[in-house]
Structure formats: structure tokens, C-alpha cells
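The values are calculated or read from the model by the stated rules, or taken from the named source; none is laboratory data. Keep in mind that this is a model prediction, so the values were computed, not measured. Backbone-built Cβ (ideal geometry, glycine too); neighbour counts: all protein chains shown. The protein model used for the area step is the full one, side chains on, heavy atoms only, and it has no ligands, DNA or RNA in it. Shrake-Rupley method; radii C 1.70, N 1.55, O 1.52, S 1.80 Å.
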Amino acid sequence: MAAPVQPADLGFFSTLAASGSLSAGARELGISTPAVSKRLAQMESRLGVTLVNRTTRRMSLTPEGELYVAHARRIGGDKGEPQGLLRVNATLGFGRSHVAPLISKFAKKHPQVEVQLQLSVNPPPLTEDAFDVCIRFGAPPEARVIARRIASNRRLLCASPAYLARAGQPKVPNDLTRHRCIGIRQGDEGYGIWRLSTGRGSAQRTEAVKTRGMLSTNDGEIAVNWALDGHGILMRAEWDIARYLRSGRLVQVLAAYRTPDADIYAVYPQRHQLSARVRTFVDFMAAALGKDDMPPRA
């Protein structure tokens with residue numbers, strides 16, 4: 001490179017590289033996008049190399065840019081207290097009951113990080129640059145993101161004792177077709193299709209059952225409350241119903257059969273893997289949620 005690295009540029013370029021676009025970098029730095037573009041152009045002029053390939057919505061580092069950001073982080077750009085804007089997405093029920101309280105604790109521990117939490121029914125595509133980290137159930141199909149498993153989880157079938165006393169205990173999966181089942185319309189999974197498995201490996205057998213019922217919703221918390229009120233059988237993540245199973249307000253149904261896993265993942269773009277605020281937040285969530293890989297005791 002034609003000129004020595006200027007200390008003032010280290011933090012600027014490290015933040016810009018972690019942001020993934022000029023506009024996102026401008027938000028992080030608290031300046032306008034034209035100001036970011038101008039400063040970047042000045043850096044490149046001084047150094048005599050192109051650091052960033054620019055497109056309308058996205059940017060990528062050139063080989064020289066990769067070397068520069070590695071140097072910036074080695075000097076200490078990402079080794080201090082994490083700071084800047086962190087945009088987090090989570091599902092409605094789990095985000096409200098578990099993620100939001102942990103963000104409160106994270107904010108007290110890292111006051112220089114500004115956290116924006118948005119809850120949604122379905123996980124958004126990370127390619128749209130709307131969020132830095134998504135907390136979601138199940139590994140994502142996207143290959144160009146990092147998915148870190150931060151806690152184990154499984155879906156369970158359950159119902160209230162009052163409902164089972166009235167309607168009887170199902171013995172095999174096909175019995176579910178004669179029961180009232182509470183539907184949850186979330187994600188891309190086929191609505192009302194419950195898959196139950198037995199055996200392992202080559203001996204595994206999976207049965208898909210088309211369920212029916214009088215009540216359905218896109219909100220998991222509402223569905224749990226309906227199950228507590230005796231309206232039918234529900235398939236729900238263990239994290240959401242563990243305290244009711246322990247208290248006896250809900251009873252597990254068809255416990256000998258397995259339903260699809262719903263492990264909890266922190267998902268973020270590859271460009272954020274060296275971001276101090278993202279790395280610190282994901283480590284914090286993993287430590288808090290992954291204790292003994294079990295839901296917190298109520």
C-alpha cells in the first residue's frame with residue numbers, strides 16, 4: 001500500500017466492513033452515506049488501492065480490503081468494549097418471554113451497544129440487511145449465513161388434563177385425526193401437518209398426520225393459553241410449555257413419538273463474524289440460554 005495506515009481510519013473501516021453496505025455503515029457511524037463514501041474514497045486515494053467493490057445495495061471487500069480490515073482488527077479495532085447499533089430479530093412468543101429479558105441484562109452489561117429488537121411471526125431473510133442477528137428455531141436453509149446453535153429444544157405434543165379426561169388419550173399418531181388439535185400458522189411448514197417419528201437411523205419411521213380443530217392462530221402464546229383452557233392438543237416448543245408440564249397444567253401426549261427438532265439458533269451474515277457487538281451478543285445469548293441445554297426453571 002502506498003501510504004501508512006492512519007489510526008483514525010482503523011475504526012472507521014472496521015465498522016464499515018462489518019456493516020455490509022455503505023448505508024448500514026453510515027447508520028453505525030452516525031454520519032450520512034455520502035460522507036462515508038467520500039471518506040472511503042479518500043482512504044483509497046491515500047493508499048493507492050481499491051478497498052471495496054461497490055454495488056447499489058451491497059458492498060464487498062477486495063483482497064486489499066480484507067488485508068486492511070484484518071490489520072485494523074489486529075491493531076484493536078474490535079478488541080475493546082462492543083459498541084454501536086445491534087439490530088435483533090426474534091419470534092413473537094420466544095422473543096417476548098426469553099430474548100427481551102436477556103437483552104435487558106445485556107444492555108446493562110454493555111451500555112455502549114444500542115439494541116433494536118423486532119419481533120415477527122416468520123424469520124426474515126438476512127440478505128435484506130434489515131437485521132444483524134436473528135434468534136430462531138431450527139437451522140436456516142440459507143448457506144451464506146452463520147448459524148450457531150445456542151440451545152437445544154424440541155417440539156412436544158400436550159393437552160390439559162381436563163381435555164384428555166373428556167376426549168381420551170391418543171395411543172398412536174392416527175388417533176390425532178379424531179381429536180381437536182390447536183393449529184399454529186407459522187413459517188413455511190405445511191399447516192396442520194404433524195410429523196411423528198419412531199426408531200433411529202435406517203429403522204426410523206415417520207408418519208404425517210393431517211390434524212383438524214376449531215381454533216388456530218399465528219401466535220404461540222395464544223395457542224398455549226387455549227391448550228391450558230382445554231380446547232385440544234397442541235404441538236409446541238418445550239421452552240414455551242416446560243413450566244406447565246412441570247406444574248401439571250399440561251400433560252405430554254404420545255411421548256413415545258418424536259416430533260421435529262426445534263433447536264434455538266443465532267443466525268447472522270458471514271460479514272458479521274468479526275463484529276465485536278455481534279460476537280459478544282451471541283456469546284451472551286448462548287451462555288444464558290444454553291445452561292444445561294434446558295429451559296429455565298419457573
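How large is the Kirkwood hydrodynamic radius of segment 156-271, in angstrom, based on all distinct alpha carbon pairs?
14.9 Å
How many angstrom lie between the Cα centre of segment 24-55 and the Cα centre of segment 200-270?
So the two Cα centres are separated by 48 Å.
Taking amide hydrogens as modeled 1.01 Å from N in the peptide plane, which residues meet the under 5 Å criterion relative to residue 150, leaving out close sequence neighbours?
HN-HN under 5 Å from residue 150: 264, 265, 266.
For segment 85-137, just say rounded, prolate or oblate: build the C-alpha gyration tensor, square-root its eigenvalues into a ≥ b ≥ c, call rounded for a/c under 1.5, and beyond that prolate if a/b exceeds b/c, oblate if not.
Oblate shape, in that a/c is at least 1.5 and b/c is the bigger or equal ratio.
Keeping every protein chain present and rolling a 1.4 Å probe, give me the accessible area per residue for segment 138-276 in Å².
Per residue, segment 138-276 has an accessible area of 51 Å².
Find which of 167, 255, 202 sits farthest along the positive direction of the dipole of the chain, computed with +1 on the beta-carbon of Lys and Arg, -1 on that of Asp and Glu, about the Cα centre.
167
From the phi angles alone, apply the Karplus equation (6.51, -1.76, 1.60; θ = phi - 60°) to segment 145-160 and give each ³J(HN,Hα) in whole Hz, x where the residue is Gly or Pro.
10, 9, 10, 9, 6, 10, 6, 7, 6, 8, 8, 10, 8, 8, 7, 7
Rank-order 114-123, 95-104 by packing density, defined as the average count of other C-beta atoms within 10 Å over each peptide's residues, highest first.
Most protected by this proxy first, the peptides run 95-104, 114-123.
Can you give the charge dipole size of the chain about its Cα centre, rounded to the nearest 20 debye, using +1 on the beta carbon of Lys and Arg and -1 on the beta carbon of Asp and Glu?
It works out to roughly 660 debye.
Please list 108, 38 in order of solvent-accessible area, largest first, computed with a 1.4 Å probe with all protein chains present.
If we order 108, 38 from most to least accessible, we get 108, 38.
Give me log10 I(q)/I(0) at q = 0.12, 0.13, 0.15, 0.16 Å⁻¹ for the chain, Debye formula, one equal scatterer per alpha-carbon, no solvent.
-0.83, -0.91, -1.10, -1.20
List every residue whose amide H lies under 5 Å from the amide H of residue 122, counting only residues 5 or more places away in sequence or on a different chain, with H placed 1.01 Å from N in the peptide plane.
Excluding prolines and chain starts, which carry no amide H, there are no hits.
Once the Cβ-Cβ distance between residue 33 and residue 191 is put in as r, and R0 is 41 Å, what FRET efficiency do you end up with, to the nearest 0.05?
After rounding to 0.05, the efficiency reads 0.50.
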